[in-house]
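A quick write-up on the structure given underneath.
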Amino acid sequence: MTSAPVLYVNCRAATLADEAAYGLIEDAAILVEQGLIRWVGPRTEAPKAAERDLGGRLVTPALIDCHTHIVHGGHRAAEFELRLKGASYEEVARAGGGIISTVSATRAASVEDLVATALPRLDALIAEGVSTVEVKSGYGLDIDTELRMLRAARALAALRPVTIRTTFLGAHAVPPEYKGRPDAYIDEICLPALRAAYEDGLADAVDGFCEGIAFSTAQIARVFDEAKRLGLPVKLHAEQLSNLGGAALAASYNALSADHLEYLDEPGVQAMAAAGTVAVILPGAFYAIRETQAPPIVLLRQHGVPMAVATDMNPGSSPMTSLLLAMNMACTLFRLTPEEALRGATQHAARALGLTDRGTLAPGLRADLAIWNADHPAELAYRMGFNPLHQRILGASK
Ligand code: DI6
Ligand code: FE
């Protein structure tokens, strides 16, 4: 971060700051001072300051991955082989594989191990212009390991130039020692772990997995009641494999987001619209488990629900560490426009994390910028497996 004012010039800026196509400014200038954007507009109208020439490149807000599980032990390549032989994601989970196999590996890992294995995943995201990453717990399912995961996530922020937002996901799966007793798990582990995470300042938000293979709406509501009591915002993995009404439940708690949403129906969409809950679209999981039902993008659009796009990076249903690829998949698989995909990985991703200081290029926001070797912002979602990032510039909070 430089504290003297710098005027970035000779660039095309996709500000996303208004409704116009990409908020695009040709031959733009961006004034940055003390880590904050002070001014954005046409170069001919720019205030005077020391200039830095960006060589005609494209500038966007730095990307934000608002849904990841990058902290975890082990991998699930063997499960990948099983699923390719015909087992479904749910069958693997019910047979004790799936999330529970990652739980065993995560319980065996120290904070240092968890940090060491998460770093290359974080580096892959950063290399594509990501400046903010959400990281969930949820592979511990005992108090110590849930806290260890969150500590590892916090530690990442000290090792790399990136903002980490942590989410407590104790209600991710029922661990083997509580098999058939999900309510006892919520009472004896999940809620005490949530209180401990809160007391240690380890959780910025609270999430759950509302699904037949995980927790019911009534069980999630108990976790959300505790989050509300602690003053923590909530979000929910909802309607991924079936429709249990999780998105409407989340909306009734003014959730920041409801995520996945393949089986979401119109009442759920309406509830999200009324509450201002962001729909986080996760095409990596749709692709990896060979789901065939796409989320109701047209309805979400019609009802004005903001859509974010994220990797859902996790060892089971989305072993993907590319947010640019998630943007491409959101367009190709779900028919988002490239502009929706870019807004989804910046502006709306910020909102899904409750962050109001980033996500567009506008005065007063953090100067988190991504500079791309690209002519047009549609190129970012268009390519597959190519990284056009030239440079990230990181700002600061007020
Ligand atoms: N839904 C997901 O896609 C991830 N968690 C969840 O609730 C998958 C987690 C895993 O399979 O390890
Ligand atoms: Fe997830």
*Expressed as cubic angstrom per residue, what is the convex hull volume of the alpha carbon set of region 205-361?*
106
*Net charge of neighbours whose Cβ lies under 9 Å from the Cβ of T166, counting Lys and Arg as +1 and Asp and Glu as -1*: +1
*For the chain, find the longest principal axis of its Cα atoms and tell me its angle to the long axis of helix 143-159, 0 to 90°, nearest 10.*
10
*Paramagnetic reach from N387 (point 7 Å along Cα→Cβ, amide N under 20 Å) across region 148-162*: 156-162
*Pick out which of L264, L63, L122 has the largest mean-square fluctuation in a Gaussian network model of the chain, springs linking Cα atoms closer than 10 Å.*
L122
*Would you kindly derive the ³J(HN,Hα) couplings of region 61-70 from the backbone phi angles with the Karplus curve 6.51 cos²θ - 1.76 cosθ + 1.60 (θ = phi - 60°), listing them in order in whole Hz, with x for Gly and Pro?*
x, 4, 6, 10, 9, 8, 7, 9, 10, 5
_Whole-number D in µm² s⁻¹ for region 1-65, Kirkwood Cα-pair radius fed into Stokes-Einstein, 20 °C, 1.002 mPa s_ = 179
*List the equivalent ellipsoid semi-axes of region 152-280 in whole Å, largest first, each obtained as the square root of 5λ for an eigenvalue λ of the Cα gyration tensor.*
23, 19, 13
_If you build the convex hull over the alpha carbons only and average its shadow over all orientations, what do you get for region 329-398? Give it in nm² to one decimal._
5.2
*asked:* What whole-number volume per residue, in cubic angstrom, does the convex hull of the C-alpha atoms of region 83-161 give?
replied: 115
_Contact order normalised by length for the chain, with contacts defined as Cα pairs under 8 Å and 6 or more residues apart; what percent is it?_
19
*asked:* Please compute the alpha carbon radius of gyration of region 276-335, then divide it by the globular-protein estimate 2.2 N^0.38 Å. Two decimals is fine.
replied: 1.08
*Net charge over other residues, Cβ less than 15 angstrom from the Cβ of P5 (K, R count +1; D, E count -1)*: +1
*Quick one: of the DSSP bridges fully inside the chain, what percent are antiparallel, nearest 5?*
40
_Using Cα springs under 10 Å in a Gaussian network model of the chain, which residue among K179, K136, K235 shows the largest mean-square fluctuation?_
K179
*If region 98-229 were replaced by its equivalent ellipsoid, with semi-axes equal to the square roots of 5 times the Cα gyration tensor eigenvalues, what would those be, largest first, whole Å?*
25, 16, 13
*Prolate/oblate/rounded call for region 23-94, Cα gyration tensor, a/c under 1.5 rounded*: prolate
_region 120-171: Cα Rg divided by the 2.2 N^0.38 Å rule of thumb_ = 1.16
*Hey, what's the Kirkwood Rh for the chain if you take every pair of different alpha carbons, in angstrom?*
21.1
_Charge context of V92, other residues only, Cβ under 10 angstrom, K/R +1, D/E -1_ = 0
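Read-outs: derived from the displayed coordinates by stated rules, not from any lab. Keep in mind the model is a prediction, meaning the values are calculated, not measured. All Cβ positions, even for glycine, are placed from backbone atoms using ideal geometry, and neighbour counts span all protein chains on display.
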